[in-house]
1. Helix-derived [θ] at 222 nm for the chain: sum -39500 (n - 2.57) over DSSP H runs of at least 4, divide by residue count, nearest 500?
2. Given the convex hull of the Cα atoms of the chain, what is a quarter of its surface area in nm²?
3. Please identify the DSSP H helices in the chain that span no less than 24 Å along the helix axis (Cα) and have a mean Kyte-Doolittle hydropathy of -0.5 or more.
4. Which Cα, out of Ile133, Asn235, Phe158, lies furthest along the positive dipole direction of the chain (beta carbon charges, K/R +1, D/E -1)?
5. By per-residue mean of other Cβ atoms within 10 Å, what is the highest-first order of 130-138, 70-78, 48-56, 177-185?
6. Compute the relative contact order of segment 4-234 as a whole-number percentage, counting only Cα pairs closer than 8 Å that sit 6 or more residues apart in sequence.
7. Excluding Asn113 itself, calculate the net charge of residues whose Cβ lies under 12 Å from the Cβ of Asn113, where each Lys or Arg counts +1 and each Asp or Glu counts -1.
8. Counting only heavy atoms of protein chains, what accessible area per residue, in Å², does the chain have with a probe of 1.4 Å?
Amino acid sequence: MKKLALVTGGTRGIGAAIARKLQEDGFEVVTTFIGRPDAAEAFTKETGIKTYKFDVAYFESCKDAILNIEKDFGRSIDVVINNAGITKDRFLHKMSADEWNAVINTNLNSCFNITRNVIEKMREKKFGRIISISSINGIKGQIGQANYSAAKAGIIGFTKAIAQENANKGITANVIAPGYVGTDMVKKIDPKILEGIVSQIPVARLADPSEIAALASYLSSDLAGFITGATFNINGGQYMQ
Ligand code: NDP
């Protein structure tokens, strides 16, 4: 039986590229979305991948949705890609509590909300892959992104803790920290600012979502069982640790 992979926010951008790649690798894939049913419908039509609408920011929504997915597919989830994310950029001195909370809930608390609802069954079957998408800006910090940088840095601590807790149960947990990738999220940046960003990338271009998907694919594979608690930078050399 095919392993079941859940990609949150998997109907557009990086998540969609990961979902396609995992399908190509032989996984049964399901994805989620929240506000763009048009994109979800087009994605399902093109790939045959089933999409579920629920908000990853809420624990109960995730719990119910994961139970539904397990029921629909008759098995538990083997691979989770915590990918759904948003930005609400503003200098801290102008940032509202709503902007702070929305980004922390969607980008960081979502990792708890999803992972908590799959981890017990992964431990029972002694297999699991948890891959969470952080960001270069969670590592180096970014002006106007106190909320986003905090959430993305939090994902790294979360992953290191759960990697240790579950290492002896056949479960790995890893982080991918992309630099700037050519998706809708980046397309909404002012073109002048984006030009400035690209000029600081040694590879001198944005990443293609497929370049992030290739690593997610490897980390999801059986071969990657000795890699856990790691953070992988894919940023065209923009920031080197
Ligand atoms: P996009 O904005 O292109 O896509 C975001 C996806 O997440 C969509 O499918 C969206 O659904 C879904 N989503 C957003 N909020 C929720 C929610 N509350 N519940 C469920 N699903 C939700 O983003 P990217 O592909 O650019 O980014 C994917 C991840 O990669 C994010 O975590 C982002 O922070 C991270 N990242 C992106 C970088 C980039 O340069 N693009 C760089 C570094 C990290 P819908 O279509 O319905 O809106």
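1. Taking each H run of at least 4 residues, the total per residue is -14500 deg cm²/dmol.
2. Projected over every direction and averaged, the Cα hull of the chain covers 12.7 nm².
3. 146-166
4. The Cα lying farthest towards the positive end belongs to Phe158.
5. The peptides rank, most packed first, as 130-138, 177-185, 48-56, 70-78.
6. Numbers: 420 pairs, mean separation 49.0, N = 231.
RCO, segment 4-234: 21 percent.
7. That works out to -1.
8. 48 Å²
The values are calculated or read from the model by the stated rules, or taken from the named source; none is laboratory data. Here the structure is a predicted model, which is why all the values come from computation and not from measurement. Backbone-built Cβ (ideal geometry, glycine too); neighbour counts: all protein chains shown. Note: accessible area is taken over every heavy atom of the protein model, side chains too, but ligands, DNA and RNA are not part of it. Shrake-Rupley method; radii C 1.70, N 1.55, O 1.52, S 1.80 Å.
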